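Asks: Once you've had a glance at the structure underneath, I'll fire off some questions.
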Amino acid sequence: QKEVEQNSGPLSVPEGAIASLNCTYSDRGSQSFFWYRQYSGKSPELIMFIYSNGDKEDGRFTAQLNKASQYVSLLIRDSQPSDSATYLCAVNRGGGGADGLTFGKGTHLIIQP
Amino acid sequence: NAGVTQTPKFQVLKTGQSMTLQCAQDMNHNSMYWYRQDPGMGLRLIYYSASEGTTDKGEVPNGYNVSRLNKREFSLRLESAAPSQTSVYFCASTGTSGYTGELFFGEGSRLTVL
């Protein structure tokens, strides 16, 4: 069974700084990697997905994937108080994509004004 | 565009009672999923339906049954509720041509079993 590990936090970052969230996964055959944001009492919403080694940037967010180290990270630049949430890392359960995702337990991020 | 709709949003049951959580999506997605989320445990997959007419067990299927009623609807049934099934339940869907594998979630159903 695939496992996804995240530091539960809380991770406290000053407003305007870079927040760095990390995730490791157990299955070397994993192909698709996702970062979700979840506000308290709300459902998860997708921030980014990444398939290939390297960096992928979308606005203030950058996802980084290193398959050799089985490591995925999410960088949030110019952190805002509205970024305070739990961030969930997820990987595909199967090769076809229809088997769903395995989630980590999430990292609670707090942006301090 | 409603996306993924779950009902009910809140429910309180007594131990041994049964209930069904309903989920419907209007995005023409092929695959649907039921997850539960507990404090400190993250999201765990209960059951999923990769396509209409199929269902498969996830990580934590015991105590649950599912029905893929049609392409739009996927229900989760608790036959005899137990306090350990107190949780927030999320339905999700994915899968059209060119899909990325990302899941689209409903708003969640908060279930308390006394």
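Asks: From (1) in a strand (DSSP E or B); (2) of a type in the set (D, E, K, R); (3) within 12 Å of chain A (Cβ to nearest Cβ), pick out the condition that doesn't hold for B:Glu59.
Replies: It is condition (1) that B:Glu59 fails.
Asks: Taking only pairs six or more apart or across chains, which ones have beta-carbon atoms under 9 Å, a first residue in region A:16-32 that is among the aromatic types (Phe, Trp, Tyr), and a second residue that is assigned to a strand (DSSP E or B) and surrounded by 17 or more Cβ atoms within 10 Å (Cβ to Cβ)?
Replies: That search, which allows pairs on different chains as well, returns A:Tyr25/A:Val4; A:Tyr25/A:Phe33; A:Tyr25/A:Val72; A:Tyr25/A:Cys89; A:Tyr25/A:Val91; A:Tyr25/A:Thr102.
Asks: What are the residues in region A:71-95 that are open to solvent by less than 60 Å² (accessible area, probe 1.4 Å), part of a loop (DSSP other than H, G, I, E, B) and either at pLDDT below 95 or not polar (S, T, N, Q) (or both), if any?
Replies: Residue satisfying the conditions is A:Gly94 alone.
Asks: If you don't mind, there's one more thing I want to ask. Going through region A:21-49 one residue at a time, which ones are more than 24 Å from B:Gln37 (Cα to Cα) and open to solvent by less than 70 Å² (accessible area, probe 1.4 Å)?
Replies: A:Gly29
Asks: Here's another thing I want to ask about it. Any residue in region A:57-74 that's farther than 15 Å from A:Leu21 by Cβ: show its pairings with residues that are of a type in the set (Phe, Trp, Tyr) at Cβ separation under 9 Å, as long as the two are six or more apart or on different chains.
Replies: Every condition considered, the pairs that remain are A:Gln70/A:Tyr25.
Asks: Any idea how many residues of region B:74-98 are open to solvent by 50 Å² or more (accessible area, probe 1.4 Å), over 15 Å from B:Val4 (Cα atoms) and outside any strand (DSSP E or B)? Please lay out each step first, then the result.
Replies: Going residue by residue through region B:74-98, those that are open to solvent by 50 Å² or more (accessible area, probe 1.4 Å) are B:77, B:79-80, B:83-84, B:86, B:96-98.
Going one step further and asking which of them are over 15 Å from B:Val4 (Cα atoms), we end up with B:77, B:79-80, B:83-84, B:86, B:97-98.
Restricting the remaining residues to those that are outside any strand (DSSP E or B) gives B:79-80, B:83-84, B:86, B:97-98.
Total meeting the criteria: 7.
Asks: Could I ask something else about it? Out of region B:1-49, which residues are away from chain A (no Cβ under 12 Å) and farther than 16 Å from B:Tyr89 by Cβ?
Replies: B:Asn1, B:Ala2, B:Lys14, B:Thr15, B:Gly16, B:Asp26, B:Met27, B:Asn28
Asks: Just to be sure before I move on: is B:Lys71 exposed (fewer than 15 other Cβ atoms within 10 Å of the Cβ), basic (Lys, Arg) and more than 9 Å from every other protein chain (Cβ to nearest Cβ) in the structure I sent?
Replies: In short, no.
Asks: Here is a follow-up. Yes or no: region B:92-102 includes at least one residue that is out of contact with any strand residue (DSSP E or B) (no Cβ under 6 Å at 6 or more places or on another chain), within 11 Å of chain A (Cβ to nearest Cβ), under 20 Å from A:Lys105 (Cα atoms) and at pLDDT below 95.
Replies: No, that holds for no residue.
The values are calculated or read from the model by the stated rules, or taken from the named source; none is laboratory data. Computed from a predicted structure; not experimentally measured. Cβ sites come from the backbone with ideal geometry, for glycine too, and all protein chains shown count toward neighbours. To get the accessible areas, we keep the full protein, side chains included, count just its heavy atoms, and leave off ligands, DNA and RNA. Shrake-Rupley method; radii C 1.70, N 1.55, O 1.52, S 1.80 Å.
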